[in-house]
Amino acid sequence: MFAVHLLSFYFSKLKEDPTKKVDRFLHAMRLHDDQLKDISARFQAEMKKGLSADSNAAASVRMLPTYVRSTPDGTEKGEFVVLDLGGSAFKVLQVKVREGEGNRKGGVEMEEKTYPIPAEIRTGRGTDLLDHASESLKDFLQEKNISLEKKHPLAFTFSFPCEHSALDKALLLNWSKNYRAWGLLGKDVAQSLRQAIDRAGGMDVEILAVVNDTVATMMTCGFDDQYCDVGLIVGTGTNACYMEEMSHVDLVEGDEGRMCVNAEWAAFGDDGALSDYLTEFDREVDSASLNPGRHTFEKMVSGMFLGELVRLVVLKMAKQGRLFEGHVSDALRTTGTITTAHVASMEEYKNGLSNTRDVLTRLGLNPSSDDCIAVQHVSTIVSFRSSNLVAAALAAILARIRQNRNLRSLRVTVGVDGTVYKTHPQYPKRLHKVVRRLLPDCHVRFVLSDSGSSKGAALVAAVAQRLVARRRQVDAALAPFRLNHSQLQLVKARMRAGLEAGLRSNQSAMKMLPSFVYQMPDGTEHGKYLAFDLGGTNFRALLVKFKKGLQQNTRLYHKIYTIPLEIMQGTGEDLFDHLAECIGDFLDYMGIKNARLPAGFTFSFPCEQTSLNTGTLVNWTKGFKATDCEGHDVVNLLREAIKRRNEFDLDIVALVNDTVGTMMSCAYEDPQCEIGLIAGTGSNVCYMEEVKNIVKIQDPDKKGETEDGRNTEKMCINIEWGGLGDDGSLDDIITPYDTEVDQNSVHPGKQRFEKLTSGMYLGEVVRHVLLNLTRKGLLFRGHVSETLKTPGIFETKYLSQIERDRLALLQIRSILQQLGLHGTCDDSIIVKEVCAEVSRRAAQLCGAGMAAVVDKIRENRGLERLNTTVGVDGALYKLHPHFSIVLQETTRVLAPQCHVTFLPSEEGSGKGAALITAVAI
Ligand code: BG6
Ligand code: BG6
Ligand code: GLC
Ligand code: GLC
């Protein structure tokens with residue numbers, strides 16, 4: 001009995017199944033489904049980390065946004081050259097894509113050539129690597145007789161981790177696989193390639209897109225299969241990309257649609273997330289690699305490392321006497337002597353064992369049959385682990401897509417490429433089987449990319465080309481709004497000429513209206529005054545109480561009244577009756593109906609004054625056109641309306657333009673203030689002019705004397721600068737959009753400068769640009785909505801909101817939605833750009849005008865330098881996020897000898913009108 005046992009023990013030892021021996025030795029590499037599910041869950045967590053803005057920087061799986069927003073839809077077309085760098089071969093290609101014809105129908109034609117890249121170039125200077133690529137491109141074009149003069153759009157398949165900020169802006173994060181060229185990390189790969197192509201010379205190339213190989217593979221396969229939302233590479237390296245919901249891509253603004261995310265899963269485990277799955281062989285492979293400590297997952301999975309893993313296992317087993325009777329050859333000790341191609345051949349269906357023998361014999365070994373079986377099994381375990389790990393990570397991606405789309409079962413296609421997947425006989429089957437086992441309720445199709453990733457890269461370039469064309473058209477539409485320095489100088493010069501002309505005659509475009517205000521407040525003003533303020537956004541009635549020498553103790557009570565459009569544009573009688581009614585209401589409200597207080601009337605329209613309290617309305621501006629007012633004294637019109645009402649009486653002492661009221665109001669705080677600017681519904685300026693310069697006033701009484709007979713040197717002139725250009729002097733900068741706005745305005749042909757600069761019109765200019773862009777199909781998917789056709793939808797307040805710097809695209813979109821404009825986030829970007837161009841031009845033009853005014857004051861006084869203050873009011877100035885900054889900057893640049901302080905008015909020009917009244921009586 002004992003002898004039998006001994007014998008069977010002897011035989012079992014002798015005949016031990018060689019695969020069992022290997023199974024035991026490599027048990028840590030044999031992953032069962034629970035472990036794969038665990039790895040899959042870990043990868044899910046890594047993906048979340050990488051997508052979130054808070055944790056992305058620290059995440060090892062970077063989940064890089066690619067700016068590829070859609071898979072092919074059949075509308076792509078064009079001829080492209082493609083450089084394909086980073087896989088086992090470097091290729092140059094020409095790809096021709098015909099619109100609307102799928103791949104199978106021959107929609108794509110390709111020519112390609114592979115160029116070797118020597119190791120010293122892969123690991124040498126980055127510029128040399130790109131020079132090599134550019135020279136290869138040139139050689140390719142010459143060899144294939146492709147014109148060098150023609151402009152060639154180019155896509156660059158660059159199979160390394162890049163941080164994109166656009167399709168053609170990609171910063172290289174790190175090298176991987178067998179590349180480690182220096183000097184390119186952190187640089188924009190597209191820009192570096194552009195420079196290399198320039199160095200090569202003689203080619204006209206436009207780089208449109210830098211594309212990871214996973215993305216290009218997904219696009220290639222997506223050309224024929226609309227369900228292809230995932231790209232997978234198991235080649236020299238390994239990686240995957242997939243279409244993620246934009247709302248989850250924190251690193252890119254916008255929430256609409258999807259964007260392809262390059263997972264860069266090679267780095268899974270770099271933070272230790274896989275340390276319990278790593279074997280001593282993995283650690284050895286890592287420490288001998290070009291990038292130790294990085295790309296942990298890739299080193300367990302990809303073609304560059306599989307052969308080496310097998311070699312290390314076989315070497316160790318041999319050293320321990322488990323193989324080759326303990327014999328170890330020099331070749332077996334040498335790095336790189338077993339390759340992935342060997343692994344694939346050893347696992348071939350019929351010839352696997354004899355291939356294994358060949359491989360081992362070539363390594364100087366003398367394997368027994370059991371040795372061959374054992375080594376083949378090592379190979380199987382190593383490559384099986386690889387496909388299992390890929391299956392686990394891929395399952396995590398697929399589960400995420402399913403969850404994103406809220407589906408119970410997902411139908412999806414995975415586009416695949418890479419030498420391991422393509423050449424290893426068992427790999428695809430094993431991978432597919434495990435993925436399906438891990439996700440039994442998903443219908444997953446795997447499609448091998450038939451022609452590498454270049455076709456996909458060309459498709460990305462085709463989309464990019466469309467975007468570039470759109471960008472160019474938008475730029476061209478906006479170009480007329482961009483004024484250069486010399487244009488602004490010209491505007492300044494024309495404004496200056498207009499000031500002089502207006503002082504000489506009443507016939508000029510800018511009216512230069514004398515205000516009969518000679519003096520600034522001096523702080524001695526006191527008493528109670530009324531003021532009424534018509535012409536801005538609202539009508540205001542005010543009661544102002546001044547205390548002598550105590551500016552800060554001024555008390556102001558007011559009430560705001562809206563003026564309905566039908567009153568603005570009805571009869572003059574109705575308009576002034578309405579004002580009288582509002583005034584009556586205010587006096588009641590304040591309990592001062594019987595007080596007969598002195599009043600100032602801010603009337604923000606051009607009035608020809610013959611004294612402080614008389615003024616003929618020259619013409620209406622802005623949105624007013626009440627009948628029977630032009631040519632009449634507006635103070636009289638108000639007095640008559642008050643008389644008609646017969647409820648109260650007033651003593652109207654001063655008629656004041658809002659610019660003048662604003663200047664006075666600010667001068668009360670800052671004695672240096674001698675200019676008033678309104679950048680609101682309308683646009684206008686007043687300033688203190690030397691009386692001797694007001695040539696058009698002939699009457700010496702009117703010229704130099706105040707009503708109490710004092711001689712004065714200066715008088716405030718209301719420029720009415722909104723009229724600049726009414727004589728055609730701005731025609732060279734007026735755009736077709738401005739002309740449209742003008743022609744559809746209440747006063748066509750009038751106030752041309754105001755129509756370029758003030759709140760009442762900027763929104764309309766924007767709307768006309770948007771209409772034009774939409775009609776060209778560049779916005780709102782070419783759909784011209786009724787809203788967009790509606791005049792006046794864009795009020796200044798919306799412009800101000802849309803242009804706020806920190807406003808997310810989502811918020812802009814919701815503002816547009818409130819306005820009834822439903823667009824994408826891309827549309828929001830363009831709308832914001834249009835608003836910015838239009839308002840920037842407005843601010844620059846006002847700056848150029850202001851430069852003319854301050855320089856004139858400086859020259860009037862024969863000063864080398866002028867220090868002065870401008871009192872400012874108006875919603876555009878106060879609410880717009882950039883207007884005031886651009887205005888001030890332009891004034892500074894165009895009037896370098898003047899130091900101009902802009903002081904926003906605190907209380908509106910009504911207070912100024914009250915002050916003028918106080919000074920006058
Ligand atoms: C090819 C692509 O088809 O697949 C390459 O064109 C890519 O850019 C490659 O890197 C991956 O496979 P491998 O095995 O060549 O690294
Ligand atoms: C106010 C003045 O302060 O500013 C108004 O009191 C003036 O008279 C206005 O017209 C300009 O601003 P907006 O933006 O209301 O036209
Ligand atoms: C490496 C690169 C990655 C690429 C992959 C497959 O992992 O980092 O960008 O996709 O190899 O080539
Ligand atoms: C219009 C008026 C002008 C006023 C300006 C600002 O340009 O014509 O008088 O100052 O608007 O309200």
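Okay, here's what the table says:
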| item | result |
| --- | --- |
| Meets criteria (of a type in the set (Val, Ile, Thr) and not in a strand (DSSP E or B)) for Val544 | no |
| Lys20 open to solvent by 50 Å² or more (accessible area, probe 1.4 Å), closer than 30 Å to Val249 by Cα and either within 16 Å of ligand 4 (Cβ to nearest atom) or out of contact with any Phe, Trp or Tyr (no Cβ under 6 Å at 6 or more places or on another chain) (or both) | no |
| Residue ranges of strands (runs of 3 or more DSSP E) in segment 56-158 with at least 1 members out of contact with any helix residue (DSSP H, G or I) (no Cβ under 7 Å at 6 or more places or on another chain) and open to solvent by less than 30 Å² (accessible area, probe 1.4 Å) | 90-97, 151-158 |
| The one condition in (1) within 13 Å of ligand 2 (Cβ to nearest atom); (2) open to solvent by less than 10 Å² (accessible area, probe 1.4 Å); (3) touching a Leu at 6+ places or on another chain (Cβ under 7 Å); (4) more than 17 Å from Thr681 (Cβ to Cβ) that His558 fails to fulfil | (2) |
| Residues of segment 315-343 satisfying the condition of being part of a loop (DSSP other than H, G, I, E, B) and surrounded by 14 or more Cβ atoms within 10 Å (Cβ to Cβ) | Arg322, Leu323, His327, Val328, Ser329, Thr337, Ile338, Thr339 |
| Residue check, Leu876 of a type outside the set (Lys, Arg), open to solvent by less than 40 Å² (accessible area, probe 1.4 Å) and within 16 Å of ligand 2 (Cβ to nearest atom) | yes |
| Qualifying position, being open to solvent by 10 Å² or more (accessible area, probe 1.4 Å), outside any loop (DSSP other than H, G, I, E, B) and not β-branched (Val, Ile, Thr), among Asp229, Asp255 | Asp229 |
| Cβ-Cβ under 7 Å pairs, at least 6 apart or on other chains, segment 591-614 side in contact (Cβ under 8 Å) with a residue 24 or more places away in the chain, far side small (Gly, Ala, Ser) and more than 16 Å from ligand 2 (Cβ to nearest atom) | Leu612/Ala920 |
| Count of residues meeting criterion [buried (at least 18 other Cβ atoms within 10 Å of the Cβ) and either modelled with pLDDT under 95 or not aliphatic (A, V, I, L, M) (or both)] in segment 730-741 | 3 |
| Failed item, numbered, when Lys528 is tested on (1) in contact with a strand residue (DSSP E or B) (Cβ under 7 Å, 6 or more places away or on another chain); (2) open to solvent by less than 50 Å² (accessible area, probe 1.4 Å); (3) not in a helix (DSSP H, G or I) | (2) |
| Residue identified as modelled with pLDDT under 95 and either under 22 Å from Gly723 (Cα atoms) or within 15 Å of ligand 2 (Cβ to nearest atom) (or both) among Glu669, Glu689 | Glu669 |
| Segment 233-250, residues that are within 10 Å of ligand 1 (Cβ to nearest atom) and assigned to a strand (DSSP E or B) | Ile233, Val234, Thr238, Asn239 |
| Single residue of segment 486-520 satisfying the filter (in contact with a Pro (Cβ under 9 Å, 6 or more places away or on another chain) and open to solvent by 10 Å² or more (accessible area, probe 1.4 Å)) that is farthest from Thr917 (Cα to Cα) | Lys511 |
| Residue, nearest to ligand 1 (Cβ to nearest atom), within segment 165-179, restricted to residues that are open to solvent by 30 Å² or more (accessible area, probe 1.4 Å) and not hydroxyl-bearing (Ser, Thr, Tyr) | Asn178 |
| Qualifying positions in segment 740-759 - out of contact with any Phe, Trp or Tyr (no Cβ under 8 Å at 6 or more places or on another chain), more than 20 Å from Leu887 (Cα to Cα) and not in a loop (DSSP other than H, G, I, E, B) | Glu740, Asp742, Gln743 |
| Qualifying residue in segment 184-201 (condition: acidic (Asp, Glu), modelled with pLDDT of 95 or more and not in a strand (DSSP E or B)) | yes |
| Ala461 being touching a strand residue (DSSP E or B) at 6+ places or on another chain (Cβ under 7 Å), in a helix (DSSP H, G or I) and over 22 Å from Val766 (Cβ atoms) | yes |
| Long-range neighbours under 7 Å by Cβ, at least six apart or interchain, first residue among the β-branched types (Val, Ile, Thr) within segment 815-829, second open to solvent by 10 Å² or more (accessible area, probe 1.4 Å) and modelled with pLDDT under 85 | Thr824/Glu256; Ile829/Leu809 |
| From Ala461, Ala479, residue being surrounded by 14 or more Cβ atoms within 10 Å (Cβ to Cβ) and more than 28 Å from Glu348 (Cα to Cα) | Ala461 |
| Among residues of segment 601-620, those that are among the polar types (S, T, N, Q), under 18 Å from Ala531 (Cα atoms) and assigned to a loop (DSSP other than H, G, I, E, B), counted | 2 |
| Residue check, Glu859 more than 16 Å from ligand 1 (Cβ to nearest atom), open to solvent by 30 Å² or more (accessible area, probe 1.4 Å) and either within 34 Å of the chain's Cα centre (by Cα) or free of Cβ contacts under 8 Å to residues at least 24 places away in the same chain (or both) | yes |
| Residue ID - nearest to ligand 4 (Cβ to nearest atom), chosen from residues in segment 180-196 that are open to solvent by 10 Å² or more (accessible area, probe 1.4 Å) and either touching a residue at least 60 places away in the same chain (Cβ under 8 Å) or farther than 30 Å from Pro292 by Cα (or both) | Arg194 |
| Qualifying residue in segment 839-856 (condition: among the hydroxyl-bearing types (Ser, Thr, Tyr), closer than 20 Å to Gln672 by Cα and away from ligand 3 (no atom under 16 Å from the Cβ)) | no |
| Residue among Gly749, Gly725, Gly682, Gly676 that alone is within 16 Å of ligand 4 (Cβ to nearest atom), closer than 30 Å to Glu786 by Cα and either modelled with pLDDT under 95 or open to solvent by less than 20 Å² (accessible area, probe 1.4 Å) (or both) | Gly682 |
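The values are calculated or read from the model by the stated rules, or taken from the named source; none is laboratory data. It should be emphasised that the depicted structure is a prediction, and the values quoted were computed from it without experimental measurement. Cβ sites come from the backbone with ideal geometry, for glycine too, and all protein chains shown count toward neighbours. SASA here: full protein model, heavy atoms, side chains in, ligands and nucleic acids out. Shrake-Rupley method; radii C 1.70, N 1.55, O 1.52, S 1.80 Å.
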